[in-house]
Protein chains: 4
Amino acid sequence: MNFRSDNTSPAAPEILDAIVRANAGKRPSYSDDDATRRVEAMFRDLFACDLDAHLVATGTAANALALAALTPPTGAVLCHREAHIETDECGAPEFFTGGAKLVLIDGAAAKIDPEGLREAIARNARGVHSVAPAVVSITQASERGAVYAPDEVAALADIAHAAGLALHMDGTRFANAVAHRHCHPAELANRAGVDVLSFGATKNGALAAEAIIVFDRTRAGNVERLRKRAGHLVSKHRYIAAQFEAYLDNDLWLRLASRANALAARIADAAGDWLSAPCQSNQVFIKPGAAILAKLRAAGGEFYDWGGDGAGEARLVVSWDQGEGDVDAFIAAMRAARAG
Amino acid sequence: MNFRSDNTSPAAPEILDAIVRANAGKRPSYSDDDATRRVEAMFRDLFACDLDAHLVATGTAANALALAALTPPTGAVLCHREAHIETDECGAPEFFTGGAKLVLIDGAAAKIDPEGLREAIARNARGVHSVAPAVVSITQASERGAVYAPDEVAALADIAHAAGLALHMDGTRFANAVAHRHCHPAELANRAGVDVLSFGATKNGALAAEAIIVFDRTRAGNVERLRKRAGHLVSKHRYIAAQFEAYLDNDLWLRLASRANALAARIADAAGDWLSAPCQSNQVFIKPGAAILAKLRAAGGEFYDWGGDGAGEARLVVSWDQGEGDVDAFIAAMRAARAG
Amino acid sequence: MNFRSDNTSPAAPEILDAIVRANAGKRPSYSDDDATRRVEAMFRDLFACDLDAHLVATGTAANALALAALTPPTGAVLCHREAHIETDECGAPEFFTGGAKLVLIDGAAAKIDPEGLREAIARNARGVHSVAPAVVSITQASERGAVYAPDEVAALADIAHAAGLALHMDGTRFANAVAHRHCHPAELANRAGVDVLSFGATKNGALAAEAIIVFDRTRAGNVERLRKRAGHLVSKHRYIAAQFEAYLDNDLWLRLASRANALAARIADAAGDWLSAPCQSNQVFIKPGAAILAKLRAAGGEFYDWGGDGAGEARLVVSWDQGEGDVDAFIAAMRAARAG
Amino acid sequence: MNFRSDNTSPAAPEILDAIVRANAGKRPSYSDDDATRRVEAMFRDLFACDLDAHLVATGTAANALALAALTPPTGAVLCHREAHIETDECGAPEFFTGGAKLVLIDGAAAKIDPEGLREAIARNARGVHSVAPAVVSITQASERGAVYAPDEVAALADIAHAAGLALHMDGTRFANAVAHRHCHPAELANRAGVDVLSFGATKNGALAAEAIIVFDRTRAGNVERLRKRAGHLVSKHRYIAAQFEAYLDNDLWLRLASRANALAARIADAAGDWLSAPCQSNQVFIKPGAAILAKLRAAGGEFYDWGGDGAGEARLVVSWDQGEGDVDAFIAAMRAARAG
């Protein structure tokens, strides 16, 4: 019953097989290989538009490189107060951007509120004394498991673009968001006005693979050099490309995410009034109080506290490979705890 | 007959197998797994001393993080004019260190000359107007395929330490250097005064695995946070650890390097007076002139020019998996080219 | 009736005279002159302790250099949400520190609340995923015109030091704070646990002169090189030293600040229930509503809105050279506006 | 007989008078004052073109801000090996640019050789593995006292622009260069293809005043924010503007430089075959050997050794206010030393 994080899971068999198959003979290094070309074409097909795809090994690198391409050091990144780039990346955005400031915005379920965005832009428009807002970054699905609808993304994109800002989407769990919406991926990305997308794969079944998808090259033209300079251009690039070939092939990415979402929904249904945030992805937030959480842990449940010590709230993350037995057992544990 | 680079080669079967075996069940992420603990213990055994080992996916990251831990932004990194960190990492050392300056030193076969090191230290000791030398970085084997002897390393370490500087070793091809010297690895590292070693594995049979070995924690105490901040703490850390477990197990690393060295030596022997640098690792430098290089390419040889266009010089790199047939064929091509 | 800012005022005659007197013959440049030595000695006398004093031309430079000396790039600066370093320096702290994060804390009258400080330290102590709090920065007098009492400073210093953090004080209006407290300057600085003080002079009668006072060299040993590297070591250093000689001589700094405080107090007294923050320095905050502010402006009053558009609040800053007539006229304008 | 540096000199009376005159009443701060507007207009007249002028207090700030505006962090600054930005600014260019690399070029008399420039550009055009040359920086007059002729500047500008690079001129001693050429200042700047000029005043009679002259806004549009962020927007801006008003008025800048040049020429003439570089500005380089230098010092001469310890070479800098008696005495000392 380990629901700590989706990054504790292994790689999907299809992805591991692709790595094994790629392990033959010499291949050009540093992204000059054919597999990388094929992945770029697959991404163009997936989003049905022209784009650049830059592959890296970690989500922090994908986010930080995207932001570095979208803001000068004198700029500001506007994001939700609970955004991963603010709370969990040890200042990587500040490092990669050369010291741009993260300006924090509130909003329910860790989604940026449009009014809050407008206010943050206005507040920082005081000439050279304040940093200049340059990019808005939203997380899809959010750090509270919520999914922005296409029109919600578009509304933020409109505000951003009208003010001359770019829109970045941290799509660590983009697959779970698309699976939740049952929509075309472009509807949550390029068609909604996203300029650069961090397209996650690692949490959803890859070994170590994330893609920086640049929809608008005029805003983010320097990613290649930034990536190399940051040590994120892997030399044996075939292996990262192989992961994406398998991940995108035959909708594996969506199937894995859909399965995790469905299991999470079962937990959320069983949680009833303990549910502390809408369950729209593979994350479940419950707030049954500290005593109940202790019981759930005593029963074998593993998960992180949320919202600070003593809040009595927990985050459960269902992985692509989570056993159904884990879910059944946890639901039973919740029932038992509730019963007494 | 592809001798372009050792990073065009695949992963060794033992290493791929280890990755496959690691692909089962949930594991703590972000380096909290048991395999990572085991790798650290293996490194302590290997160098017969206490140390910290930080694993990353690229050599540029290993070098740049090591340097960032060893110099403040106001410092200088002293290295050879042909050092990889100067010529081939797109300014990664400057980026990671917050803008430390690389001060370039000359020396035969891309090895730093002790007198040149002394002079560079003295030249930059003019108070606040110049940057303050903080770390010396040497490459083992060098970018010209030469290997520093233990006493050569120690001599540079003594100069560095006497002036208050640390010694970093870019060990992208450390395995080839140890194989060449037939010595204990500690003799070329900690016992010779190296403070931090970038211990390479990718070029020598790993998929994507490099280790930052910190022998002197007092000089480089902040690597963990620097690594996370740079997006180089991979989440599914088990896979990078698995590569090192296989790589270090039963001297695989030395066996792979020894084989490549031996094949390179055969080419060097056959090259005769074309040899333009001593062959002490898996790299062979020949300077037969542009016409001969054209013939070798016509015969199917693949390699990079060296020393600028028209220099008539080439670098041949023998990979861990290079077929003996490649070597035989290339030697034959050299003979044919020489004959006419 | 210009109460926009104290940096719209000229230099005090004593200070200008000192500059004129310094303008004779050749002097060693780059702080090697005798006047600079004398100023350092005067600062040691002033604070009755050993210290280093580094002179610069702007307050932003003084603050940012102090912070850069006190935190690594992976660290965090904890400050009040309204701190000048957060809101008005265009990201200078991020730039100088190499991208350290500013973590914002609340508190009445723009003073950091001890509980808020404890909470912020605890919240960011989650290992490598979060930045590491390294320094607390407080403003004396605060951006809301409030003065920390010696025991308030000491309480924050104790919390900071206990957690391994340094304490920086932005003393742009340190003179006004000391004048308000009628205490020895050391009581609000070194004796209260301040490690580095930005000792302002420009706003209080200098032409362009600020000092970085380092009480604890072990925490901030690299200021000299950081200053040069940032272009803040002025070449003809005699002139900045001359300003401080005059400023510190015969308590000029205190006399100028006391006068401004006294005039501000008269405005505050007259403001009555419009006063929106305690008046403890040369700043007065009133919140009479937008209509009254319009009347005050129509009567010739010049000042900045505070708290955002439409808040109906204003900040009045009294300069060292403010004419008493300005104050009388403004008080009369307030009475007239109130009367209707 | 102090010939150490022109920054040991005081401010010219006209400039000090202007500061004194500016010291009356309140003025808008942060460059919003009328005097700043007037200085910008004067610069437009001086160079007979549209331009932006940003005033700062130090030459290092002027250079580093100009470079930061002209190169991304992934870029390279190409400059002479002896350039002040490389040797004497403690890595300020690296700091301000976010870690751009300085690529060093040789050339006689510290002037960049066009062929060396072409070679350096070509050498660094190897895709993402090398930094991307972004700006060429030349010093006028050079660190060896030589002056680029207009067509020499234009030749370098053509090479730079053809390769997509900008041209920066470090004009710390631009006045001396113009005085030497007896040409219109535009001929050595905008008309010759200079994109951004660091226009020095401090060494030539100002107290602390340098201007960043942006001729091509499309290449350097962000100076204002970079300046504020670096703490180089002085608050009481009237005083820096006043210095430039006096400096530019009635050709004071040219008169001061011409006088210094003429005195330097007298020393150079008397130096005869000791002269080790052409004297084209206010700097004289002599290489009479260590014994003669010792004699000159014994006679009261003050100057810096040049070219390293024991080179037997010296640099003499004549200031705007150098007494003719100093020059006469030094020439006599040279004669005496030569005589034996």
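The values are calculated or read from the model by the stated rules, or taken from the named source; none is laboratory data. Computed from a prediction, not measured in an experiment: that's the story for all the values here. A quick note on method: Cβ atoms are made from the backbone with ideal geometry, for glycine too, and the neighbour counts reach across all protein chains shown. Surface areas here come from the heavy atoms of the whole protein model, side chains and all, with no ligands, DNA or RNA. Shrake-Rupley method; radii C 1.70, N 1.55, O 1.52, S 1.80 Å.
A few comments on the model shown:
- Across the stretch A:189-222, the number of residues qualifying as within 10 Å of another protein chain (Cβ to nearest Cβ), in a helix (DSSP H, G or I) and not basic (Lys, Arg) comes to 1.
- Residue A:136 falls short on exactly one of the conditions (1) under 19 Å from residue D:73 (Cβ atoms); (2) part of a strand (DSSP E or B), and that condition is (1).
Okay, residues lined up against (1) buried (at least 20 other Cβ atoms within 10 Å of the Cβ); (2) within 13 Å of another protein chain (Cβ to nearest Cβ); (3) in contact with a Phe, Trp or Tyr (Cβ under 6 Å, 6 or more places away or on another chain):
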| position | (1), (2), (3) |
| --- | --- |
| D:6 | yes, yes, no |
| D:16 | yes, yes, no |
| D:24 | no, yes, no |
| D:28 | no, yes, no |
| D:37 | no, no, no |
| D:53 | yes, no, yes |
| D:60 | yes, yes, no |
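- Every listed requirement among (1) touching a residue at least 24 places away in the same chain (Cβ under 8 Å); (2) open to solvent by less than 20 Å² (accessible area, probe 1.4 Å); (3) charged (D, E, K, R) is met by residue A:229 save one, (1).
- Residues in the stretch D:268-312 that are open to solvent by 10 Å² or more (accessible area, probe 1.4 Å), part of a strand (DSSP E or B) and either at positive phi or not hydrophobic (A, V, I, L, M, F, W, C) (or both): D:302, D:304, D:305.
- Residue A:132 being open to solvent by 10 Å² or more (accessible area, probe 1.4 Å) and touching a residue at least 40 places away in the same chain (Cβ under 8 Å): yes
- The condition of being more than 12 Å from chain B (Cβ to nearest Cβ), buried (at least 18 other Cβ atoms within 10 Å of the Cβ) and of a type in the set (D, E, K, R) holds for only one of D:144, D:118, that being D:144.
- Any chance residue A:248 is aliphatic (A, V, I, L, M), on the phi < 0 side of the Ramachandran plot and open to solvent by 10 Å² or more (accessible area, probe 1.4 Å): yes
- Figure legend. Inter-residue proximity from the stretch B:107-124: first residues under 17 Å from residue D:307 (Cβ atoms) and touching a residue at least 60 places away in the same chain (Cβ under 8 Å), second residues open to solvent by less than 20 Å² (accessible area, probe 1.4 Å) and outside any helix (DSSP H, G or I), beta-carbon distance below 7 Å, spacing 6+ or different chains. No pairs are indicated.
- Residue A:264 passes every criterion in (1) in a loop (DSSP other than H, G, I, E, B); (2) among the aliphatic types (A, V, I, L, M); (3) modelled with pLDDT of 95 or more apart from (1).
- Being open to solvent by less than 50 Å² (accessible area, probe 1.4 Å), closer than 24 Å to residue B:262 by Cβ and either acidic (Asp, Glu) or outside any loop (DSSP other than H, G, I, E, B) (or both) is a property that does not hold for residue B:336.
- Listed conditions (1) within 20 Å of residue B:59 (Cβ to Cβ); (2) more than 10 Å from every other protein chain (Cβ to nearest Cβ); (3) touching a Lys or Arg at 6+ places or on another chain (Cβ under 6 Å) are all met by residue A:241, apart from (3).
Yes/no per residue for (1) within 12 Å of chain D (Cβ to nearest Cβ); (2) at pLDDT 95 or above; (3) touching a strand residue (DSSP E or B) at 6+ places or on another chain (Cβ under 8 Å):
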residue	(1), (2), (3)
B:71	yes, yes, yes
B:79	no, yes, yes
B:90	yes, yes, no
B:96	yes, yes, no
B:100	yes, yes, yes
B:104	yes, yes, yes
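- From D:61, D:24, D:83, residue being out of contact with any Asp or Glu (no Cβ under 8 Å at 6 or more places or on another chain) and on the phi < 0 side of the Ramachandran plot: D:24
- Cross-chain or 6+ apart pairs with Cβ under 7 Å, the stretch A:259-270 first and farther than 11 Å from residue A:283 by Cα, then surrounded by 22 or more Cβ atoms within 10 Å (Cβ to Cβ): A:259/A:320; A:270/A:334
- Residue, nearest to residue B:85 (Cα to Cα), within the stretch D:80-103, restricted to residues that are among the charged types (D, E, K, R) and surrounded by 24 or more Cβ atoms within 10 Å (Cβ to Cβ): D:101
- Output for the stretch A:121-130, where each listed residue is outside any helix (DSSP H, G or I) and either at the interface with chain D (Cβ under 8 Å from one of its Cβ atoms) or among the basic types (Lys, Arg) (or both): A:126
- Looking across the stretch A:149-182, just one residue is open to solvent by less than 10 Å² (accessible area, probe 1.4 Å), over 18 Å from residue A:59 (Cα atoms) and out of contact with any Leu (no Cβ under 7 Å at 6 or more places or on another chain), and that is A:165.
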